[in-house]
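A.B. asks: Below you'll find the structure I mean.
The values are calculated or read from the model by the stated rules, or taken from the named source; none is laboratory data. As the structure is a computational prediction, the values presented were derived from the model and not from experiment. Virtual Cβ from ideal backbone geometry, glycine too; neighbours counted across all protein chains shown.
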Ligand SMILES: Nc1ncnc2c1ncn2[C@@H]1O[C@H](COP(=O)(O)OP(=O)(O)OP(=O)(O)O)[C@@H](O)[C@H]1O
Ligand SMILES: [Mg+2]
């Protein structure tokens, strides 16, 4: 990709788990302000790329640049502070906490008050808490979640997925990475999700979307990167990737 600004650049990523080469020299760019989809059959290495970006484990080789700065070696919480938020393939929420409290956890990722402020309930801490509550309520409403005081664990799957997205957005990311947000959703729920993602994109947040639902991917993505068995096999606009022989072979298994 040559034109436009790039927010994230993965350069020559290599990761081996035991004898298995899970990422083999993966390079791609995520253009600023666009929706990029990272797709590929099961076990292709998609979640591993997200885990590498978010500092879940070190890479064997390669570099990840966010706005030109290397993320290598950063702990996950530092990656969030840089402006990257993610959701997980299996929803990770606090089921016994309310929706609002779940989302407020995301806001806390970027707050300035420290432990001592919190312990002593200093005015700065109280002001920050009020701002966090307000910001969380705004994000919850923006995603159309009506039950902010309900226990998150009692929501439907789509509700829980929205809570996870809201929590990620609450950290005010520049890059939002979603790992299979549509899995387990009905057609109607997936359409709702697509609208929400388009709106998030229109607000200037860059999205990196891992997804198996090809209608969703082809419907909302500006750019698609395809992995297969840890190799990148295609990278380009959705219409060209859709016709790519290697992609068709990977998906059809021929
Ligand atoms: N922590 C780990 N230890 C060992 N092997 C792992 C680990 N994480 C992933 N793998 C292996 O790496 C390969 C890629 O896994 P990954 O989860 O990245 O695939 P994926 O593209 O996200 O697949 P899916 O679409 O099924 O979610 C798989 O063979 C998986 O079993
Ligand atoms: Mg995965």
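A.B. asks: State which residue is farthest from the chain's Cα centre (by Cα) when the search covers only the stretch 172-197 and only residues that are in a loop (DSSP other than H, G, I, E, B) and over 18 Å from residue 51 (Cα atoms). Walk me through how you get there before you give the answer.
C.D. replies: First, pick out the residues of the stretch 172-197 that are in a loop (DSSP other than H, G, I, E, B): 172-174, 180-186.
Within this subset, residues satisfying the condition of being over 18 Å from residue 51 (Cα atoms) are 172, 182-186.
On the way: 172: 12, 182: 13, 183: 14, 184: 17, 185: 17, 186: 21 Å.
So the residue we want is 186.
A.B. asks: Being touching a strand residue (DSSP E or B) at 6+ places or on another chain (Cβ under 8 Å) and in contact (Cβ under 8 Å) with a residue 12 or more places away in the chain narrows it down to one of 143, 151, so name that one.
C.D. replies: None of the others qualify; the one that does is 151.
A.B. asks: For the stretch 21-32, state whether one or more residues are in contact (Cβ under 8 Å) with a residue 12 or more places away in the chain and assigned to a loop (DSSP other than H, G, I, E, B).
C.D. replies: yes
A.B. asks: What are the residues in the stretch 144-160 that are out of contact with any helix residue (DSSP H, G or I) (no Cβ under 7 Å at 6 or more places or on another chain) and part of a loop (DSSP other than H, G, I, E, B), if any?
C.D. replies: Scanning the stretch 144-160 gives 144, 146, 156.
A.B. asks: Moving to a separate point now. Got a sec? Which of 248, 252, 216, 197 is within 16 Å of ligand 2 (Cβ to nearest atom) and either more than 17 Å from residue 10 (Cα to Cα) or assigned by TED's automatic domain parsing to the domain that holds residue 49 (or both)?
C.D. replies: Answer to the check: 216.
A.B. asks: Select from the stretch 10-19 the residues that are surrounded by fewer than 16 Cβ atoms within 10 Å (Cβ to Cβ) and at pLDDT 95 or above and list them in ascending order. Write out each step before concluding.
C.D. replies: Narrowing the stretch 10-19 to residues surrounded by fewer than 16 Cβ atoms within 10 Å (Cβ to Cβ): 11-12, 16-19.
Those that are surrounded by fewer than 16 Cβ atoms within 10 Å (Cβ to Cβ) and at pLDDT 95 or above: 11, 12, 16, 17.
A.B. asks: Here's a follow-up. Give the stretch 53-68 a look and list any residue that's within 16 Å of ligand 2 (Cβ to nearest atom), surrounded by 14 or more Cβ atoms within 10 Å (Cβ to Cβ) and touching a residue at least 40 places away in the same chain (Cβ under 8 Å), or say none.
C.D. replies: 53, 54
A.B. asks: So, residue 189, is that one outside the structural domain of residue 101 (by TED's automatic domain parsing) and surrounded by 15 or more Cβ atoms within 10 Å (Cβ to Cβ) or not?
C.D. replies: Spelling it out, residue 189 is indeed outside the structural domain of residue 101 (by TED's automatic domain parsing) and surrounded by 15 or more Cβ atoms within 10 Å (Cβ to Cβ).
A.B. asks: Another question about this same structure. Considering each residue of the stretch 201-245, count those that are away from ligand 1 (no atom under 15 Å from the Cβ) and touching a helix residue (DSSP H, G or I) at 6+ places or on another chain (Cβ under 7 Å), and give that number.
C.D. replies: Residues that pass the stated criteria total 8.
Conditions (1) away from ligand 1 (no atom under 16 Å from the Cβ); (2) surrounded by fewer than 17 Cβ atoms within 10 Å (Cβ to Cβ), marked per residue:
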residue: 4; (1), (2): yes, yes
residue: 22; (1), (2): no, no
residue: 70; (1), (2): yes, yes
residue: 77; (1), (2): yes, yes
residue: 81; (1), (2): yes, yes
residue: 85; (1), (2): yes, no
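A.B. asks: Taking the stretch 33-52 as the search range and keeping residues that are within 15 Å of ligand 2 (Cβ to nearest atom) and farther than 24 Å from residue 244 by Cβ, which one is surrounded by the fewest Cβ atoms within 10 Å (Cβ to Cβ)?
C.D. replies: Narrowing the stretch 33-52 to residues within 15 Å of ligand 2 (Cβ to nearest atom): 37-52.
In the following step, the residues that additionally are farther than 24 Å from residue 244 by Cβ were identified as 51-52.
Values: 51: 19, 52: 25.
Filtering first and then ranking leaves 51.
A.B. asks: Here's something else I'd like to know. Out of 74, 50, 38, report the one residue that is in the same structural domain as residue 253 (by TED's automatic domain parsing) and part of a strand (DSSP E or B).
C.D. replies: Values: 74 fails: part of a strand (DSSP E or B); 50 fails: part of a strand (DSSP E or B).
So the residue among 74, 50, 38 that is in the same structural domain as residue 253 (by TED's automatic domain parsing) and part of a strand (DSSP E or B) is 38.
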